[in-house]
Amino acid sequence: MTGFNTRAIHAGQDPDPATGAVIPPLHLTTTYKQDGVGGLRGGYEYSRSANPTRDTLQTALASLEQGTRGLAFASGLAAEDTLLRTVCRPGDSIVLGGDAYGGTYRLISRVLAPWGISHQPVDLNDLDAVRAAVAPETARVIWCETPSNPLLNVSDIAALAEIAHASGTLLVVDNTFASPYLQQPLTLGADVVVHSTTKYLGGHSDVVGGALVVADADLGERLAYHQNAMGGVAGPFDAWLVLRSLKTLGVRMDRHSANAGRIAEWLLAHPAVDDVLYPGLPQHRNHEIAAKQMSGFGGMVSFRLKGGEEAALRVCERTSLFTLAESLGGVESLIEHPHRMTHASAAGSPLEVPADLVRLSVGIEDVDDLLADLDQALA
Ligand SMILES: Cc1ncc(COP(=O)(O)O)c(C=O)c1O
C-alpha cells in the first residue's frame, strides 16, 4: 500500500479518461441517459443512488481509513442517523461515552429514544463498566468519540473493540477530532468510523458533510442500501470540496498539531488557567494511550479558567484572531464556550460540560500571533 499522503492525493482520483482532467470532474447531474431501458452506463441511474463525484470521495475515504467501503452524507449527523437506524432496532441500547458531541447526544436521547432505542452513558476509560454495560443482549453499539468533544478524553480503541466483539456489539468510533491522518480506528479493531467531514476533512469551513467507513463488506452493503433509502447523501459539489481538501489533510494536521502543542504548553503555565486538556501533554490522564494509538495529537485544545464561567465568557469575547464561532477543524483558529454553545443540548444531562471550559480549534496561522492574541485576552 502507498503512503497516506499519496493515497489522499491519488486514491480513486485517476485523471478523467474522457478529457485527461487531472482533478476529478464535478458531476452536477441528477440523472443519467440510459442506452435502452435499464441500459446504465457504469451503473449510474439517479444521483441519490450514486454520483461519480460522490463515488470518488467515498473511494478516497475508504482508502484513508483502510476500510472496505466509504459512504458520504449531507452532514455528520445524517451519517450518524443512517448508521444507527441501520444497525439498531426498537429495544436496543447504545453504550455512549461519558462525553460526546452535544448533537450526537441529542440525536440519541431525543430523536431515537421515542423509537425505542435507549442509551447508557459510561466512562469508556472504565473497562469494567463498559463490560457490564454491553452484557445485556440488547446492547447493540458502543459509541466512542476519541479524542472526545470538548473534554479531549481518549479511549483505548483496541481494548473497547475486544470487549465489543466478545459480546457481539459494534464498536463505532467518531474519528472527527483526529482525522485518519492521526488515527485509523478500523486498524485497531473498530467496526465503523464516523466523520463530520465539516471539520478537518473539509478543513476550510466552507462545507458541511459526514461520512461512514466500515471494515465489513456486508455491513457496508446494508449501510449503502439505507444511504439511498433514507436519502441523506452528500451533494456532488460538497463531495468535490471535501475531495479537494483531502489532498492537503496531512500537511494541515501536522501544522494544527504543532500549533496546538505549543499553545497547550503555554496555557499550562498561565496563572489564570486552572487546567489544560490536550492529549499531547504528558500530564493528560490518557496521554499514554493517545501516544500509542495516534501519530500526533491534533489541533483541539480545551482549558478551564480559575475565574469560572464569567472568566471563560470574557476570554471568548476578547480574542480577535481566534474567532468566536461554533465548529472546528478549519485553517483559521476558532474559540467557543461549549457549555452555552456547541454542547448546550447536553445541559442538565450526565453529559453536561463544565461552565468554566473554553474550547480552541487551533488553526494553521503563525503560532506567535495566536499566542499574542490569547495573551491579551487572558490578561
Ligand atoms: C465530534 C463530532 N461528531 C459529529 C458532529 C456532527 O457533525 P455535523 O455538524 O457535520 O452534522 C460534530 C459537529 O460538531 C462533531 O464535533
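For a quick check: with amide H placed at 1.01 Å from N, whose amide H comes under 5 Å from S302's, ignoring anything fewer than 5 positions away on the same chain?
Close amide H contacts, sequence-distant or interchain: L277, L360.
Within a Cβ distance under 9 Å of H339, other residues only, what is the Lys/Arg minus Asp/Glu net charge? Please report the intermediate quantities before stating the final value.
On the way: positive: R340; negative: E309, E352, D356.
The answer is -2.
I need the phi-derived Karplus couplings for segment 217-222: 6.51 cos²θ - 1.76 cosθ + 1.60, θ = phi - 60°, integer Hz, Gly and Pro marked x.
5, 5, 5, x, 5, 5
What are the aspartates and glutamates whose alpha-carbon lies under 18 Å from the alpha-carbon of K306, with same-chain residues fewer than 8 places away excluded?
Straight-line reach from K306, under 18 Å: E265, D274, D275, E317, E336, D356, D375.
Rounded, prolate or oblate: which one fits segment 45-174, using the alpha carbon gyration tensor with axes a ≥ b ≥ c (rounded when a/c is under 1.5, else prolate when a/b beats b/c, else oblate)?
Numbers: a/c = 1.81, a/b = 1.51, b/c = 1.20.
Judged from the Cα gyration tensor, segment 45-174 comes out prolate (a/c at least 1.5, a/b above b/c).
What residue among E80, E137, E309 shows peak mean-square fluctuation when the chain is described by a Gaussian network model with Cα springs under 10 Å?
So, out of E80, E137, E309, the one fluctuating most is E137.
When the helices in the chain are scored as -39500 (n - 2.57) per DSSP H run of 4 or longer and the sum is shared across all residues, what 222 nm value do you end up with, to the nearest 500 deg cm²/dmol?
On the way: 13 runs with 135 residues, N = 379.
Mean residue ellipticity at 222 nm (helix-derived): -10500 deg cm²/dmol.
Under the rule a/c < 1.5 gives rounded, and otherwise a/b versus b/c splits prolate from oblate, where does the chain land using the Cα gyration tensor? All intermediate terms of the calculation are to be shown ahead of the outcome.
Details: a/c = 1.88, a/b = 1.31, b/c = 1.43.
It is oblate, given that a/c is not under 1.5 and a/b is not larger than b/c.
Among all the aspartates and glutamates, which ones have a C-alpha under 15 Å from K33's C-alpha, if same-chain residues fewer than 8 places away are not counted?
The qualifying aspartates and glutamates are E45.
Can you tell which of V301, V367, V213 shows the greatest fluctuation in a Gaussian network model of the chain with Cα springs below 10 Å?
Sorting by GNM fluctuation, first place goes to V367.
Which cross-chain or sequence-distant (5 or more) residues have an amide H under 5 Å from the amide H of G97, H modelled 1.01 Å from N in plane?
V122, W143, E145
Please list, in order along segment 130-145, the HN-Hα scalar couplings obtained from phi with the Karplus expression 6.51 cos²θ - 1.76 cosθ + 1.60 (θ = phi - 60°), rounded to whole Hz, x for Gly and Pro.
3J(HN,Hα) across segment 130-145, in whole Hz: 5, 4, 5, 5, 8, 4, x, 3, 6, 5, 10, 9, 9, 9, 10, 9.
Can you list which of the trypsin sites (Lys or Arg not before Pro) found in segment 249-315 are DSSP loop residues with at most 14 other C-beta atoms within 10 Å? Before the final figure, lay out the partial values.
Details: sites: R252, R255, R262, R285, K292, R304, K306, R314; in loops: R285, K306.
Sparse-neighbourhood loop trypsin sites (Lys or Arg not before Pro): R285, K306.
So what J values fall out for segment 94-107 if you push phi through Karplus, 6.51 cos²θ - 1.76 cosθ + 1.60 with θ = phi - 60°, rounded to Hz, Gly and Pro as x?
10, 8, 10, x, x, 9, 7, 3, x, x, 5, 4, 5, 4
So if the hydrodynamic radius of segment 1-119 is defined as the Kirkwood radius over C-alpha pairs, what does Stokes-Einstein give as its diffusion coefficient at 37 °C and 0.692 mPa s, in µm² per second? Show your work: numbers first, answer last.
Working: Rh = 17.3 Å.
The diffusion coefficient I find is 189 µm²/s.
What are the lysines whose alpha-carbon lies under 23 Å from the alpha-carbon of K199, with same-chain residues fewer than 8 places away excluded?
Partners found: K247.
Which net charge results for the neighbourhood of S302, defined as the other residues with beta-carbon distances under 11 angstrom from its beta-carbon, given Lys and Arg at +1 and Asp and Glu at -1?
Working: positive: R304, R359; negative: D99, D275, E336, D356.
Every neighbour counted, the sum reads -2.
Measure out, as a whole number of angstrom, how far apart the alpha-carbon centroids of segment 292-342 and segment 126-158 sit.
25 Å
Every number here is computed from the coordinates shown, using simple stated rules; none is lab data. This structure is a prediction, so every number in the text was calculated from the model and none was measured. Here Cβ is always computed from backbone atoms with ideal geometry, including for glycine, and neighbour counts include all displayed protein chains.
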